[in-house]
Amino acid sequence: FNGLELQATTVLPAAGNLAPPARSGKVTETLAAGIQDITNAMVEDFKLSDVLRMILETMVRAMGFQRVVFCLRDPKADALTGRFGLGAGVEGPDSVVKAFHIALKASSLDLFSTVCLKGVDTLISDATEPRIAQRLPAWYRSHVHAPTFLLLPLVIKGKPFGLVYADKAEKGLLPLDEKELALLRTLRNQAIIAFRQSV
């Protein structure tokens with residue numbers, strides 16, 4: 001399975017090929033301001049959990065995501081599991097955060113596992129498209145089931161150890177221009193740096 005060649009999947013490019021959405025520069029301003037705040041926080045002694053929360057808050061504030069979930073590798077399960085999130089349905093006994101369980105075995109053929117193992121930033125603009133839907137893991141279809149979502153894997157030395165997941169409540173509602181994508185990747189990279197500094 002090559003989950004990165006499905007029609008409703010966008011493997012986000014290193015550069016170019018992104019149509020600029022028709023909206024103001026408010027998104028990039030908010031992302032850039034958040035990145036600066038996080039950079040400042042990381043100069044001082046910082047708590048890893050605080051920095052990660054700042055990263056998710058910046059994404060929600062700038063992009064208007066329905067929810068954002070941070071996943072981290074569980075060595076015992078050899079999987080990325082949901083640790084915390086912001087937005088709709090992330091708290092309480094039926095929290096969507098608890099549903100996240102992304103196997104890191106090469107035999108796992110679902111979309112989430114493939115994206116994380118390959119370390120490829122991926123935007124799913126229509127998760128209801130049949131060829132995408134059949135590659136979604138059962139836990140996602142049962143508990144999360146957003147029609148549009150973004151996956152930003154966290155990788156060190158070729159191995160995935162985390163994932164930032166963000167979604168929208170309606171399909172196709174996540175236009176990204178090149179600058180916004182670069183800033184979102186910077187936020188993800190700040191999370192990687194924060195982990196490295198806190199070890």
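The values are calculated or read from the model by the stated rules, or taken from the named source; none is laboratory data. Remember, predicted model here, so these are calculated numbers, not experimental data. Cβ coordinates were reconstructed from backbone atoms using ideal geometry, including for glycine residues, and neighbour counts include every protein chain displayed. Heads up: the accessible areas ignore ligands, DNA and RNA and are worked out on the full protein's heavy atoms, side chains in. Shrake-Rupley method; radii C 1.70, N 1.55, O 1.52, S 1.80 Å.
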Original post:
Does LEU80 count as open to solvent by less than 80 Å² (accessible area, probe 1.4 Å) and part of a helix (DSSP H, G or I)?
Top reply: no
Subject >> Failed condition for TRP139, given (1) buried (at least 18 other Cβ atoms within 10 Å of the Cβ); (2) aromatic (Phe, Trp, Tyr); (3) more than 17 Å from VAL68 (Cβ to Cβ) >> reply: (1)
Subject >> Checking ARG131 against (1) part of a helix (DSSP H, G or I); (2) touching a His at 6+ places or on another chain (Cβ under 6 Å), the condition it does not meet >> reply: (2)
**OP:** Read through the list (1) open to solvent by less than 10 Å² (accessible area, probe 1.4 Å); (2) at pLDDT 95 or above; (3) of a type in the set (A, V, I, L, M); (4) outside any strand (DSSP E or B), then give the number of the only condition that LEU181 fails.
**Re:** (2)
**OP:** Could you tell me whether the stretch 120-128 includes any residue that is out of contact with any Leu (no Cβ under 8 Å at 6 or more places or on another chain) and either open to solvent by 30 Å² or more (accessible area, probe 1.4 Å) or modelled with pLDDT under 90 (or both)?
**Re:** yes
Original post:
Among the residues of the stretch 96-119, how many are hydroxyl-bearing (Ser, Thr, Tyr), open to solvent by 10 Å² or more (accessible area, probe 1.4 Å) and in a helix (DSSP H, G or I)?
Top reply: 1
Original post:
Is one or more of the residues making up the stretch 148-159 in contact (Cβ under 8 Å) with a residue 24 or more places away in the chain, among the aromatic types (Phe, Trp, Tyr), closer than 18 Å to LEU52 by Cβ and in a strand (DSSP E or B)?
Top reply: no
Original post:
Applying the selection to the stretch 56-77, what residues are part of a loop (DSSP other than H, G, I, E, B) and either in contact with a helix residue (DSSP H, G or I) (Cβ under 7 Å, 6 or more places away or on another chain) or polar (S, T, N, Q) (or both)?
Top reply: PHE65, GLN66
Original post:
Just checking, how many residues over the stretch 37-53 are farther than 20 Å from LEU151 by Cβ and either free of Cβ contacts under 8 Å to residues at least 12 places away in the same chain or open to solvent by 40 Å² or more (accessible area, probe 1.4 Å) (or both)?
Top reply: 11
